[in-house]
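The structure appears right after this line, and notes come after that.
Quick note: the coordinates plus some simple rules give every number you see, no bench work behind them. A quick note: this is a predicted structure, and the numbers were derived from the prediction, not measured. We place every Cβ from the backbone using ideal geometry, glycine too, and count neighbours over all the protein chains shown.
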Amino acid sequence: MTKVTILKNKSGDYRELICEGHAGYAKRGEDIVCAAISVLVINTINSLEELTKEPVRVETDEAAGKIRCTFTEHPLRETSQVLMDSLTLGLQQIQAQYGSKHCKLTVEEV
C-alpha cells in the first residue's frame, strides 16, 4: 500500500507531504496505481519548485519508495496552495477508485 500523509497546521496551512510504500495493485513495472500516485506527487513537487518557486526541502529513498517534501515557508503562496489542493483531490480520487488497500491518504493536523 502507498501511504500519503499531508500535514497541515491548525490554520489549514500545508506543512509537509510524505509518500511511502508501493501500491501493490500489480507487479512492479505494471502497477498503474503506483504509477498514478508517483506522477501526481512528483509532478506536484516539481511544479512547486519550478513554477511557483516555493522553497521546499525534498528527501527521497527510492528503495523504500519514500519521498518527503517539507515546506520551509508558511503560508504557501496561493498558486502553491492550489497545486497541493489539486494533489489532494487526485489522491482522493485514486483512493476512491482503487481502495485504501492500495492508496491510503491521510490529512493530519500538526
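A few points about this structure:
- Which of S47, Q95, L17, positive extreme of dipole for the chain (C-beta unit charges): Q95
- For C103, the residues 5 or more places off, or on other chains, whose built amide H falls under 5 Å of its own are T2.
- Label corresponding to Rg/Rh (Cα atoms, Kirkwood Rh) when calculated from the structure given, among (1) 0.96; (2) 1.07; (3) 1.20: (1)
- DSSP finds beta bridges in the chain, and of those with both partners inside it, around 70 percent are antiparallel.
- Counted charge near E78, where neighbours are those whose Cβ lies closer than 15 Å (Asp, Glu -1; Lys, Arg +1): -2
- Rounded to the nearest 10 degrees, the inclination of helix 78-98 to the longest alpha-carbon principal axis of the chain is 20 degrees.
- Degrees between helix 32-50 axis and first principal axis of the chain (Cα, 0 to 90, nearest 10): 20 degrees
- With θ taken as phi - 60° and the Karplus curve 6.51 cos²θ - 1.76 cosθ + 1.60 applied, the whole-hertz 3J(HN,Hα) list for the stretch 101-110 is 5, 10, 9, 10, 9, 10, 10, 10, 8, 10 Hz, x standing for glycine and proline.
- Non-local lysine pairs in the chain, meaning eight or more places apart or on different chains, with alpha-carbon distances under 29 Å, amount to 20.
- Size of electric dipole in the chain: Cβ of Lys, Arg +1 and of Asp, Glu -1, about Cα centre, debye, nearest 20: 320 debye
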